[in-house]
Amino acid sequence: MTYAVQVVFDCKDPVRLAEFWALALGYEIPGPPHGYATWEDLLQEMDVPKEMWNARSAVEDPSGAGPRIYFQRVPEDKVVKNRLHLDIRVGGREGSREDKRRRIDEHVERLVTAGAAIDHTVESDELDPCACYVVMRDPEGNEFCVT
């Protein structure tokens, strides 16, 4: 039996994080169900209070290959390092180290503009002397790497 995987982020602002991660991963925010022009139209028809309209959001891989990522609002702040993080692999395996570094740097710049922060850069590590990646934090402080 095959199971679908969904990665869930607890967060303060699901819509903002969905927009950020859609950009970061090349994903899309799914549209509303058939018959509704916008999510707001659906929420109004369901009598969902406006303060709950940003209680959840999601992004999906348009190719269907990657997992769906779901964002749910929670009351508590993030307080410790993530035990799980996402790696965004943009460097590829083709081309020179300089080409890989350029692709990584270009994506990092887009993500910083979208609200991410650079934590630190790794040019090599004890497991891989050719490693090249940037450790970042999304707009709510969740760690991830661009490699």
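The values are calculated or read from the model by the stated rules, or taken from the named source; none is laboratory data. All figures in this text were calculated on a predicted structure; none of them were measured in a lab. A quick note on method: Cβ atoms are made from the backbone with ideal geometry, for glycine too, and the neighbour counts reach across all protein chains shown.
For (1) in contact with a helix residue (DSSP H, G or I) (Cβ under 7 Å, 6 or more places away or on another chain); (2) surrounded by 13 or more Cβ atoms within 10 Å (Cβ to Cβ); (3) closer than 27 Å to D77 by Cα, each residue gets a yes or a no:
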{"position": "W21", "(1), (2), (3)": "no, yes, yes"}
{"position": "P33", "(1), (2), (3)": "yes, no, no"}
{"position": "A37", "(1), (2), (3)": "no, no, no"}
{"position": "E40", "(1), (2), (3)": "no, yes, yes"}
{"position": "Q44", "(1), (2), (3)": "no, yes, no"}
{"position": "V48", "(1), (2), (3)": "no, yes, yes"}
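Here is a yes/no grid of residues against (1) of a type in the set (A, V, I, L, M); (2) assigned to a loop (DSSP other than H, G, I, E, B); (3) more than 23 Å from E140 (Cβ to Cβ); (4) in contact with a Phe, Trp or Tyr (Cβ under 9 Å, 6 or more places away or on another chain):
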position: Y36; (1), (2), (3), (4): no, yes, yes, no
position: V59; (1), (2), (3), (4): yes, no, no, yes
position: G64; (1), (2), (3), (4): no, yes, yes, no
position: R103; (1), (2), (3), (4): no, no, yes, no
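Could you list all residues from the stretch 67-112 that are in contact with a helix residue (DSSP H, G or I) (Cβ under 9 Å, 6 or more places away or on another chain), within 29 Å of K12 (Cβ to Cβ) and surrounded by fewer than 16 Cβ atoms within 10 Å (Cβ to Cβ)? The answer is Q72, R110. The numbered conditions (1) in contact with a strand residue (DSSP E or B) (Cβ under 9 Å, 6 or more places away or on another chain); (2) farther than 24 Å from Y27 by Cα; (3) not in a loop (DSSP other than H, G, I, E, B) are all true for M136 except (2).
Starting from the stretch 26-48, keep only residues that are in contact (Cβ under 8 Å) with a residue 12 or more places away in the chain, then list their pairs with residues that are surrounded by 13 or more Cβ atoms within 10 Å (Cβ to Cβ) and among the hydroxyl-bearing types (S, T, Y) whose Cβ atoms are within a distance under 7 Å, requiring at least 6 positions of separation or different chains. Pairs found: I29/S57. Residues that are without any contact (Cβ under 8 Å) to a residue 40 or more places away in the chain and among the aliphatic types (A, V, I, L, M) within the stretch 85-125 comprise V108, V112, A117, I118, V122, listed in sequence order. Flag: S63 matches the condition of being under 24 Å from C145 (Cα atoms), free of Cβ contacts under 8 Å to residues at least 40 places away in the same chain and of a type outside the set (D, E, K, R). Scanning the stretch 88-147 for residues that are under 25 Å from F20 (Cα atoms) and modelled with pLDDT under 85 yields G91, G92. Against the condition among the basic types (K, R), surrounded by 15 or more Cβ atoms within 10 Å (Cβ to Cβ) and over 11 Å from the mean Cα position of the chain (by Cα), how does R56 come out, does it pass? Answer is yes for this residue. Which residue is surrounded by the fewest Cβ atoms within 10 Å (Cβ to Cβ), if the candidates are limited to the stretch 1-18 and must be in contact (Cβ under 8 Å) with a residue 40 or more places away in the chain, out of contact with any helix residue (DSSP H, G or I) (no Cβ under 8 Å at 6 or more places or on another chain) and more than 18 Å from E51 (Cα to Cα)? The selected residue is A4.
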